[in-house]
Amino acid sequence: MSPKKIRILIVDDIAETRENIRKLLQFESDVEVVGAARSGKEGIQLAQELDPDVVLMDINMPDIDGIAATDIIRKKTPYIQVVILSVQSDQNYMRKAMLAGARDFLTKPPLGDELISAIRRAGEMAQAERAKGAQQNTATTSTAGASNAAASYASASKGKIITIYSPKGGTGCTTISVNLAIALNNEDTRTVLVDASLQFGDVAIFVNEQGKNTILELAPRVDELEPDVVEEILINHTASGIRILAAPQRPEMAEKISTDQFIKAVQYLQKMYAYVVVDTSHILSDMILSIIDISDVVILVTTQEIPSIKSARLLLDLLQNMGIKKQRIIFTMNRYDKRIAITPERVSENLKHEISVTIPLDEKIAITAVNRGVPFMLDNKTQPVGRGISSLAEAIRARLITLESENEISGKR
Ligand SMILES: Nc1ncnc2c1ncn2[C@@H]1O[C@H](COP(=O)(O)OP(=O)(O)O)[C@@H](O)[C@H]1O
Ligand SMILES: [Mg+2]
């Protein structure tokens, strides 16, 4: 089945802008401009009549402005996705646009590539949402390969893969991964921490164990692994008891490891450990997508900053398009500062995905821990930041139980 064309409605009061956008899009075979409106009001009307997938929306317009028009269109027809194009790039506009339900925000004039990829993302989302609306009453059948992979996970003896990801750098993925692995590790649930940030992985530094074996030693042998060989390659972090599969020590070594090797290594560790915690880099590579795909639970990390929230929204859309069930994602806010007005509640509401866990900001503890190479779960676990990690571990355990019982039910059908 060839994918349907993405149908676009342009809303802008300036004729030249409408024409320029049309020209930018005319050679894209998967995109079709179905109409153009000169005001917010006309945009709302044409959105109803033409039923586009994506509306490209200006902000400053006579009668109804683009933000109000977005709000109205999204309320009337929730599957239509709006991409805002604005000369104002300030965060206040971006925030308002997001609250109105805009999917994306580009500054004018948009670059061709940037515009097309925003349209494709929004278009896929719209078509998926539309299809979902149409099938709402039929029984849920699994569509994407990813959910099949998840369903076959029901076998209880395998360990669980927990991947920590954020589309933005510096949100605290490594901090969370290291401390979470320590929180999850005990005699009954042995835990291994894997550094999937192959170029600039810093897990080993976080626990002051650099300069030892890395995945480079394991990758060439993935087809003939034995538990004792693996144990020898893993770092034994004696202070906490967790094992670590470290990233290569130099960035240029990263390319020696293929996605296939990496996935096989993780799946082998799954046979040996109850939990495989995977720390990732922020670039959404093929490898990271494959890891997310085989993960039982994905911890999506955001901060209270608008760019981080915006990226989280894009990622949630993408995961949905990949067929990753919403219950497999635990949306987490790190570096939470109650003095900042963007609360977890507001973000949850805005992104239609609940923030299940909040980890407070504590620079003193977090940074001292990294610099000493002693994770704070070892010496500060009763402090608020440590308690945040403990509640994340609890949320994961609870979620895994829910997912397992759901899988059992669907498996018996
Ligand atoms: N809850 C927190 N409070 C304060 N600082 C934090 C917190 N979590 C992480 N940090 C700090 O933020 C910086 C980035 O964290 P890091 O875990 O390396 O992020 P990432 O892996 O997402 O790039 C580090 O200096 C770390 O100490
Ligand atoms: Mg990191």
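Values as computed for the structure displayed
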{"item": "Candidates Lys76, Lys108 - the one that is in contact with a helix residue (DSSP H, G or I) (Cβ under 9 Å, 6 or more places away or on another chain), open to solvent by 10 Å² or more (accessible area, probe 1.4 Å) and at pLDDT 90 or above", "result": "Lys76"}
{"item": "Enumeration of residues in the range 361-375 that are out of contact with any Lys or Arg (no Cβ under 8 Å at 6 or more places or on another chain), closer than 25 Å to Ile342 by Cβ and more than 16 Å from ligand 2 (Cβ to nearest atom)", "result": "Asp362, Glu363, Lys364, Ile365"}
{"item": "Count of the range 182-203 residues which are part of a helix (DSSP H, G or I) and more than 13 Å from ligand 1 (Cβ to nearest atom)", "result": "3"}
{"item": "For Glu16: the one exception among (1) closer than 24 Å to Asp113 by Cβ; (2) at pLDDT 95 or above", "result": "(2)"}
{"item": "Test result for Ala341, over 26 Å from Asn92 (Cβ atoms) and either outside the structural domain of Leu289 (by TED's automatic domain parsing) or among the small types (Gly, Ala, Ser) (or both)", "result": "no"}
{"item": "Where Asp296 falls short, out of the listed (1) of a type outside the set (S, T, N, Q); (2) more than 21 Å from Asp104 (Cα to Cα); (3) out of contact with any Ser or Thr (no Cβ under 8 Å at 6 or more places or on another chain); (4) within 13 Å of ligand 1 (Cβ to nearest atom)", "result": "(4)"}
{"item": "Neighbours by Cβ (under 7 Å, 6+ apart or cross-chain): first from the range 200-219, closer than 10 Å to Thr174 by Cα and outside the structural domain of Glu255 (by TED's automatic domain parsing); second within 16 Å of ligand 2 (Cβ to nearest atom) and open to solvent by 20 Å² or more (accessible area, probe 1.4 Å)", "result": "none"}
{"item": "Filtered residue count, the range 220-232, keeping only those that are in a loop (DSSP other than H, G, I, E, B) and touching a residue at least 24 places away in the same chain (Cβ under 8 Å)", "result": "1"}
{"item": "Hits in the range 168-198 (condition: at pLDDT below 95 and in contact with a helix residue (DSSP H, G or I) (Cβ under 6 Å, 6 or more places away or on another chain))", "result": "Lys168"}
{"item": "Residue among Thr175, Thr214, Thr163 that is open to solvent by less than 20 Å² (accessible area, probe 1.4 Å) and within 14 Å of ligand 2 (Cβ to nearest atom)", "result": "Thr163"}
{"item": "Only one of Lys325, Lys364 that is of a type outside the set (Ser, Thr, Tyr) and under 15 Å from the mean Cα position of the chain (by Cα)", "result": "Lys325"}
{"item": "Matching entry among Ala181, Ala196, Ala239 (being assigned by TED's automatic domain parsing to the domain that holds Val266, in contact (Cβ under 8 Å) with a residue 40 or more places away in the chain, surrounded by fewer than 18 Cβ atoms within 10 Å (Cβ to Cβ) and hydrophobic (A, V, I, L, M, F, W, C))", "result": "Ala239"}
{"item": "Looking only at the range 293-322, and only at residues there that are at pLDDT 95 or above and acidic (Asp, Glu), the one that is nearest to the chain's Cα centre (by Cα)", "result": "Asp296"}
{"item": "Single match in Ala398, Ala312, Ala369 (criterion: out of contact with any Gly (no Cβ under 6 Å at 6 or more places or on another chain), part of a helix (DSSP H, G or I), open to solvent by 40 Å² or more (accessible area, probe 1.4 Å) and aliphatic (A, V, I, L, M))", "result": "Ala398"}
{"item": "Residue list for the range 254-273, filter: in contact with a Ser or Thr (Cβ under 8 Å, 6 or more places away or on another chain) and either under 15 Å from Glu231 (Cα atoms) or among the charged types (D, E, K, R) (or both)", "result": "Tyr273"}
{"item": "Residues of the range 274-303 satisfying the condition of being part of a loop (DSSP other than H, G, I, E, B), more than 16 Å from ligand 2 (Cβ to nearest atom) and crowded, with 23+ Cβ neighbours inside 10 Å", "result": "Ser295"}
{"item": "Qualifying residue in the range 336-357 (condition: part of a loop (DSSP other than H, G, I, E, B), touching a helix residue (DSSP H, G or I) at 6+ places or on another chain (Cβ under 7 Å), open to solvent by less than 60 Å² (accessible area, probe 1.4 Å) and under 29 Å from Ile161 (Cβ atoms))", "result": "yes"}
{"item": "Residue list for the range 1-47, restricted to those being surrounded by fewer than 16 Cβ atoms within 10 Å (Cβ to Cβ), in a helix (DSSP H, G or I) and either of a type in the set (A, V, I, L, M) or not assigned by TED's automatic domain parsing to the domain that holds Pro110 (or both)", "result": "Ala15"}
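The values are calculated or read from the model by the stated rules, or taken from the named source; none is laboratory data. None of these values were measured; they are calculated from a predicted model. Note: ideal-geometry Cβ built from the backbone for every residue, glycine included; neighbour counts use all protein chains shown. Heads up: the accessible areas ignore ligands, DNA and RNA and are worked out on the full protein's heavy atoms, side chains in. Shrake-Rupley method; radii C 1.70, N 1.55, O 1.52, S 1.80 Å.
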